[in-house]
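All remarks here apply to the structure that follows.
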Amino acid sequence: MPIPTALPRPWLPFGLVGMVVLWSALGAHDAATWWLEAIPAVLGLPLVWWLWPRFAWSPLAVWAMSLHAMVLLVGAHYTYALTPLGFWLQELFNFSRNHYDRIGHLAQGFFPAILAREVLRRQTPLQGGWLTFMVVCFCMALSACYELVEWWTALAIGAAADAFLATQGDPWDTQWDMFLALCGALVSQLFFARVHERQIGRLSALTIDTL
C-alpha cells in the first residue's frame, strides 16, 4: 500500500538513535563485537529512511525499530555480558549472571513483531488469528536465524566470539533466547494490536485522500 511522500520522516526517533550510535561506537569495549551487534541498526534504519517515500511506517513501528536499535547499541557498546543494567538486575534479583542478553532476545521478538505485523497487515489480506500466527512464525524464524549466525560466527572466529555469544556458560542459552523471543512477540501483539490497527487505519486514510 503506497503512502504519500509528503508524510514527514521520523526526525526525532531516528535522530535519537543517531546520537546513541555515536555514543555506542566511541569507546566500545570491543570493536569487532560492536560491529556484530550493531550492524542491524547501522544498516537497517538508514534503509528505512531511504525507502520512506515508498513505504512510510506508522508511529508505533517507527518507535519500535528505534527502541530496538537502542537496545542493540547499548549491548554493542559494553558487550551483552558486561552491560551495567544487567549487573544492576543481577544484584537486585540475585541472578546468577548478567541477563542483559535476555532483555535483548525478548526485544528481538517484541519489536520486530510490530514491524512484521504492519507489513503483513498492509500488504496482505491477513487479519485476526492468522495474522497473529504468521507474525509469531516470522519472529521465531528471525530468532532461529540469529542463533545460526551466532553458531557460524563461533565456528569462524573461535574464542573471539565469546563476547558476541554472551552465553556466560549457560548450556540452554539458545533455547532461552528463542523462548524469550516467542514471549516478546506474543506480548507485543497482545498489548499493542488495537493501537496499531488505529494507526494503520489513519495511514490508509491518508493514502485514499491523496488518490
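The values are calculated or read from the model by the stated rules, or taken from the named source; none is laboratory data. Since the structure is predicted, the reported quantities are computational estimates derived from the model, not experimental observations. Glycine gets a Cβ as well: all are built from the backbone with ideal geometry, and neighbour counts include every protein chain shown.
Quick look at the numbers
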{"quantity": "All helices (runs of 4 or more DSSP H) inside region 16-131 with 3 or more residues being under 29 Å from Ala205 (Cβ atoms)", "calculated": "31-51, 59-78, 100-123"}
{"quantity": "Where a residue in region 131-147 is of a type in the set (Phe, Trp, Tyr) and its partner, wherever it lies, is part of a helix (DSSP H, G or I) and surrounded by 14 or more Cβ atoms within 10 Å (Cβ to Cβ), with Cβ under 6 Å and at least six apart", "calculated": "Phe138/Ala116"}
{"quantity": "Region 79-136, subset of a type in the set (Gly, Ala, Ser) and in contact with a helix residue (DSSP H, G or I) (Cβ under 9 Å, 6 or more places away or on another chain), residue surrounded by the fewest Cβ atoms within 10 Å (Cβ to Cβ)", "calculated": "Ser96"}
{"quantity": "Residue within region 170-188 that is among the charged types (D, E, K, R), surrounded by 14 or more Cβ atoms within 10 Å (Cβ to Cβ), at pLDDT below 95 and under 20 Å from Ala113 (Cβ atoms) present", "calculated": "yes"}
{"quantity": "First in region 32-55 and closer than 17 Å to Val71 by Cα, second anywhere and at pLDDT below 95 and among the polar types (S, T, N, Q), Cβ under 8 Å, 6 or more apart", "calculated": "Thr33/Thr79; Leu36/Thr153; Glu37/Thr79"}
{"quantity": "Matching residues in region 64-95 - criterion: being aliphatic (A, V, I, L, M), modelled with pLDDT of 90 or more and touching a Phe, Trp or Tyr at 6+ places or on another chain (Cβ under 7 Å)", "calculated": "Ala64, Met65, Leu67, Ala76, Leu85"}
{"quantity": "Verdict on Met70 being surrounded by 21 or more Cβ atoms within 10 Å (Cβ to Cβ) and hydrophobic (A, V, I, L, M, F, W, C)", "calculated": "no"}
{"quantity": "Any chance Gly158 is on the phi > 0 side of the Ramachandran plot and modelled with pLDDT of 80 or more", "calculated": "no"}
{"quantity": "Tally of residues being free of Cβ contacts under 8 Å to residues at least 24 places away in the same chain and of a type in the set (S, T, N, Q) across region 96-130", "calculated": "3"}
